[in-house]
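Derivation of every value follows stated rules applied to the coordinates shown; laboratory data play no part. Just so it is clear, the structure is predicted and the values come from calculations on it, not from any experiment. Here the Cβ positions follow ideal geometry from the backbone for every residue, glycine too, while neighbour counts run over all protein chains shown.
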């Protein structure tokens, strides 16, 4: 071996050591590896930042923006809510949730699909008086399997597509992963349907901010708009249709105030005083086309973006003992009081007429540029730990339609994947389906930095010939193995490495080696690249190998060892089922 090859392997080994040590975050570790590669000369200065312009970075970033836009549309949550009204048993609900997140993970990034459906799972758990842990880990595993079905479902698929293009001149298309991924998803759904019993039943997540503050419900004021499904319904019918997730405390009609009698028929322009959890209020206001009283549109008259912030009234706040109406918050400051909650008390008045106290939690709408300053002036403490969408506009089917067009364009070859998804991400922002601030928040910058930094580092394995050396040694080991054994070997190695590295980092390192490994054995590279992507995308053993596993760790109240209890048998099934599926789809 030459000195550059030794240096390339040493850099890779050192990077893996830093990942295992965990002293630095994964993006910082990738930057350290890039700087080291530059210092020892295995990466040329002109190639150091080539990763930032790579299609992989554009596709992953755009897919994250699209995930946020689809999540904000609320359509998937609405569909789940409709199904949950008809499915009552825990096992059946689990199958609905895992199937939904698995299918959604093929359309958007799997971590986005999981985040979108987690609130529905927590809500179902509350209704059944069950722990969310019954649902959350199976959903995380289903999202990992669902991400294997399309090109944009997970980062490893995008990376192996690029490697194939470099080797053969043709990348994997949008649905080339579908036969293998769908088979593994179906297998996983069947296993999770029965295997969830392996999880301990006593796991409980940490209290949410609302639970810690003992908030029993928010109160908001909404008008029945033209075309609302509530028109003509009685109060009882309205509440029954929404499974009594909220309460109607008062109905205001013209200058008259009516008690919310169950037999009272609702009319257009009625003003309803509603109380309930913020997620339920937001969902019902959007679904029934109700208009929050005083709520502005997404566009501010001053051109700044309008947003919503949840805050607590502190003990030295100027609002104590006053109402929002008396303070003329809207007229003087351009701030709307959307909702209010008080620990241990059921509020029946209009939010603007409630005399505020220390400890009250308020939801305010206004210019995002000016809200922080006004909060400080009024003695309000923002709750950064919770996100509130009440008062934010939805765009319904628009992001779904844009995503469908982008996927169709890539599937037919009309546009490259990077161009189609970048255009789609731009359109959801331009059309207002996703505010600019939320688009930037949706992008996981550490992931993009890590990808951009590791692309030239992993490329040094090829430019120095180190990947050829490693692949040749592996080929000697696998020489006595049958073809299926060689594919299974790559699958198992990728699955074993991923818990200690990031899944994208695993593929960046292993995909070139797997391709050369296949060549040395006289096989086509596709099966080995797919095996690498599947192995890197299936970390079921730890909460740290993939973001989806990390996302449910706290809310589910899991212990580190819980992942192996459910994940170890699933990992074995992936190898046993995945190997023949890969060989059937991609003959050697």
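At full extension, residue 201 and residue 322 could sit 38.9 nm farther apart than now, given 0.36 nm per residue minus the alpha carbon distance. Between the helical axis of 55-73 and the longest alpha-carbon principal axis of the chain there is an angle of about 30 degrees.
Between the helical axis of 75-84 and the longest alpha-carbon principal axis of the chain there is an angle of about 80 degrees.
Using R0 = 30 Å, the C-beta based FRET efficiency linking residue 404 and residue 130 works out to 0.30. Normalised size of segment 306-382, defined as Cα radius of gyration per 2.2 N^0.38 Å with N residues, equals 0.98.
Here segment 21-77 and segment 213-286 have alpha carbon centers that stand 46 Å from each other. Each eigenvalue of the Cα gyration tensor of segment 391-464, multiplied by 5 and square-rooted, gives one semi-axis; in descending order these are 30, 19, 7 Å. With only the Cα atoms considered, segment 209-292 has a convex hull volume of 87 Å³ per residue. Put the Cα centre of segment 397-463 next to the Cα centre of segment 343-370 and the gap is 38 Å.
From the P(r) of segment 53-147, can you give the percent of Cα pairs sitting at distances over 23 Å?
The share of Cα pairs beyond 23 Å in segment 53-147 comes to 23 percent.
Peptides 97-104, 127-134, 110-117, 68-75 ranked from most to least packed by the mean count of surrounding Cβ atoms within 10 Å: 110-117, 97-104, 68-75, 127-134. Counting only the Cα atoms, segment 1-121 fills a convex hull of 157 Å³ per residue. Counting only alpha carbon atoms, the long axis of helix 560-585 and the longest principal axis of the chain meet at about 60°. Between residue 370 and residue 253, the simple label model (points 7 Å from Cα in the Cβ direction) yields a spacing of 3.8 nm. Taken along the Cα-to-beta-carbon direction at a fixed 7 Å, the label points for residue 411 and residue 268 span 4.0 nm. May I ask you to derive the FRET efficiency for residue 345 and residue 241 from their Cβ-Cβ distance with R0 = 30 Å, giving the value to the nearest 0.05? Plugging the Cβ-Cβ distance into 1/(1 + (r/R0)^6) gives 0.65. With the helix formula -39500 (n - 2.57) applied to DSSP H stretches of n ≥ 4, the chain reaches a computed 222 nm mean residue ellipticity of -17500 deg cm²/dmol.
Most tightly packed first, judged by the mean number of other beta-carbon atoms within 10 Å of their residues, the peptides 481-492, 36-47 read 481-492, 36-47.
Computed FRET efficiency, Cβ-Cβ of residue 23 and residue 79, R0 41 Å: what is it to the nearest 0.05?
0.40
Computing Rg and Dmax of the Cα atoms in Å for the structure here picks out one of [x] 35.3, 117; [y] 26.5, 89; [z] 42.5, 147, namely [y].
When each of the peptides 411-417, 397-403 is scored by how many other beta carbons lie within 10 Å of its residues on average, the order from highest to lowest is 397-403, 411-417. Spin-label pair residue 35-residue 565: with each label point 7 Å from Cα along the Cα-Cβ axis, the two points sit 4.2 nm from one another.
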